[in-house]
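Taking it in order: structure first as structure tokens, then the write-up.
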Amino acid sequence: MIEVVLLDAGPLGLVTNPRRSPQSAACAAWLQSLVTARVRVIIPEIADYEVRRELLRANKTAGIARLDALTAGLEYLPINTSAMRQAAAFWATARQQGQPTAGDKTIDGDMILAAQTVTLGVADFVIATTNVDHLSRFVTAKLWHTIAIDMS
């Protein structure tokens, strides 16, 4: 059984979206199934930042309130120096391999998320995302809806 699921901005945005779509409702139900199964679900600070900045820009107060409630109810993983140094190493490696994960002048949230995950120090984890391409080169990442929890 998966020990830890970290939420990327995609699933986090779906769950906190005040306009319920079939996809956001499915994601919310999936997240609830993780919590019910007592899976350790973590919101990385970089994912919170990516979702929160857009909610603030669009003045979506209901979405901000939902995000605040979710971050209060789940484990929150702050960014620390170790994660930022690891993110810089991932960023450099990707460019040395000729496969950058973002533009040269961007902060590259995917590398920060991958680094936060690695520096967490757990062996059995997965990042739940809507785009595995950049993350899966450095850490285990799967589309959120493909992550099944064994309830037996």
Quote the Stokes-Einstein diffusion coefficient, in whole µm² s⁻¹, for segment 1-86, based on the Kirkwood radius over alpha carbon pairs, a temperature of 10 °C and a viscosity of 1.306 mPa s. 118 µm²/s
At 0.36 nm per residue, and after removing the present C-alpha to C-alpha distance, how many nm does the segment from Arg38 to Ala69 gain when stretched out fully? 9.3 nm
Once ligands and nucleic acids are excluded and a 1.4 Å probe is used, how much of Thr130 is accessible, expressed in Å² to the nearest 10? 70 Å²
Residue list for segment 1-25, given a label point 7 angstrom along the Cα-to-Cβ vector of Asp124 and an amide N cut-off under 17 Å: 1-6
Per-residue ellipticity at 222 nm attributable to helices in the chain (runs of n ≥ 4 DSSP H, -39500 (n - 2.57) apiece, nearest 500 deg cm²/dmol) works out to -16000 deg cm²/dmol
For Asn59 and Gln99 in the same chain, what is the full-extension length gain: residue separation times 0.36 nm, less their Cα-Cα distance, in nm? 10.9 nm
Principal axis extents for the chain, Cα atoms only, whole Å, descending order, please. 42, 41, 26
Of all accessible surface on segment 1-108 at a 1.4 Å probe, what whole percent is carbon and sulfur? 54 percent
Could you give the accessible area per residue of segment 10-50, probe 1.4 Å, as a whole number in Å²? 45 Å²
Given a Förster distance of 30 Å, the FRET efficiency implied by the Cβ-Cβ spacing of Asn80 and Val132, rounded to the nearest 0.05, works out to 0.75
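The values are calculated or read from the model by the stated rules, or taken from the named source; none is laboratory data. Computed from a prediction, not measured in an experiment: that's the story for all the values here. Glycine also receives a Cβ, built like all others from the backbone with ideal geometry; neighbour counts cover every protein chain displayed. Quick note on the areas: whole protein, heavy atoms, side chains included, nothing else; ligands and nucleic acids left out. Shrake-Rupley method; radii C 1.70, N 1.55, O 1.52, S 1.80 Å.
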